[in-house]
Amino acid sequence: MRLSTLALVAILAIPLLVRADDRLVSYSREVVPFLEEHCIACHDDGFETSDLALHDLPAMLKGGRRGPAIVPGKGVDSALIQFMTGKKQPQMPPKTSIALDQIDVIKRWIDQGAKVDDTGALAAKREQARKIAAQEAAAFASDAPPPVTGLAFSPDGKLLAVAGYKEVAIVDPATGKTRRHLAGFPEQVTAVAFSPDGKWLAASGGTPGRQGEVRIWSVESWSEIGVLRGHADTVLALAWRPGKNQIATASLDKLILVWDVDSAKVVRTIKSHADIVNGLAYSPDGTKLASASSDKTAKVFNAETGLQIAGLSTHQDAVLGVAFSPDGKHLATASADRNMALWKVGEWNNPLRGFGHTGPVYALAWRPDSSSLWAGSGGRPSFLSYKTQDGNRAAPIDEGSMSKDWVYAVALSPDGQSAAAGGWDGKVLIWGLKDGKKQREFVPGKEE
Ligand code: HEC
């Protein structure tokens, strides 16, 4: 009885399967909707992760950094399939997997020669979508302020440098008034930092995929005294080395460069991270350099030799920031895995403590007396502080007064009396730390 049922099923099923396999897969009705649902967010025309766009057949044939995405007629040999089945890593789409029968549809389309049906209608649909996106972008650009991606107080506490779109605004933190705009960058400025002696201000940025740059101004005259160019992609972070006229820079190009500021020459190239370097910090005595990378590690280097002292791997996702405590005893790391870790300098095997947030942690700052650590995040609340000693929350700031948006940049005033935060909504907020009350909120350059 059993056998015969099975046999019957088999007899019935085989021709059905054969027929299903023979059916031509439609590019416009099956492949495009699949790619749009699972892949286009990261592999679109003009937004090509790993240089790969999947918006049309020529783009797939051209492929990405590792070569063509598809080989017509050969589904199993096509990267598009291999990355989805896990035959090649990393898994695509990242962190999820697609049901095998769905992958099989795409594989059959490639096996059948990757034929494109109905290009006209599709192209029109995409063109329409692109127009809408362009209109939205234009509307957005017209009234929304650019995000704040970096903040730094001058060592005397009298100035606050704010990194924005194409420029750095120099603001008086006591009034919120913008005193000066330092222009010259082709795109968003990614970081700002005063030299430890307060004489110079440096800011970083660049042209994506082409060139990174750092501009340096004299704080006294606000004249630009130099530009550091050497990275092949945008510079994301910079740090002045205490006691030496050196700047370290980190870039999308995965490199860390150390520059002699006087000659504007690279004195060291640190090729250690396997992915983008997002953050940098020197220890207060200038002997160590810490870095944060999308390869999920933070590293500590001997600042003099560039040799690695330690690799810190506790985070499950990109490390976005690093900061040494001003007393040199601790290092904090911040990550896209929504965690922050506190390390005792010299004890690099395990962090002393971890702090969980509800969103990625983008920025770190220490109170000048090293008593507390401050973090800006994409979570709720977006701005948090912890006591170094026991990890408990420090000097709470009224949560209702915080930005509802992601906080990308934080800074503590040198007297330790106020804290500043800025982020996606383009506003800078300043709180007094005695009472946790918000003192000021402004968009640089937009105050009346
Ligand atoms: C959340 C973003 C994201 C999504 C969604 C995504 N990818 Fe990717 N993809 C990446 C990243 C990041 C890389 C580069 C990985 C690396 O180099 O380590 C990549 C690389 C690839 C590569 C290799 C390209 C090359 O030549 O370097 C292929 C092929 C690929 N993805 C296919 C797909 C397919 C097919 C889908 C949909 C099923 C998809 N991806 C969805 C982020 C994404």
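The values are calculated or read from the model by the stated rules, or taken from the named source; none is laboratory data. Quantities reported herein were computed from a predicted structural model and do not represent experimental measurements. All Cβ positions, even for glycine, are placed from backbone atoms using ideal geometry, and neighbour counts span all protein chains on display. SASA here: full protein model, heavy atoms, side chains in, ligands and nucleic acids out. Shrake-Rupley method; radii C 1.70, N 1.55, O 1.52, S 1.80 Å.
The table that follows gives values for the structure above.
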item	result
Calculated FRET value between D117 and S313, using beta carbons and R₀ = 41 Å, to 0.05	0.30
Stretch gain in nm, segment D262-D51, where the contour uses 0.36 nm per residue and the Cα spacing is subtracted	72.3 nm
Accessible surface, per residue, of the chain when the full set of protein chains is kept, probe 1.4 Å, Å²	49
Of K387/K438; K166/K254; K62/K88; K271/K344; K87/K299; K95/K115, those spanning more than 27 Å from alpha-carbon to alpha-carbon	K87/K299; K95/K115
Counted charge near P90, where neighbours are those whose Cβ lies closer than 13 Å (Asp, Glu -1; Lys, Arg +1)	+3
Segment K87-K434, extension gain: residue separation times 0.36 nm, minus the distance between their alpha carbons	119.2 nm
Calculated FRET efficiency for the pair R66/V227, C-beta based, R₀ 56 Å, to 0.05	0.95
For the range 361-375 and the range 279-321, distance of Cα centres in Å	17
Net charge contributed by nearby residues that have their C-beta within less than 12 Å of G198 (K/R +1, D/E -1)	-1
Approximate spin-label separation R23-N349, in nm, with each point projected 7 Å along Cα-to-Cβ	5.9
Over the chain: helical MRE at 222 nm, DSSP H runs n ≥ 4 each giving -39500 (n - 2.57), nearest 500	-5500 deg cm²/dmol
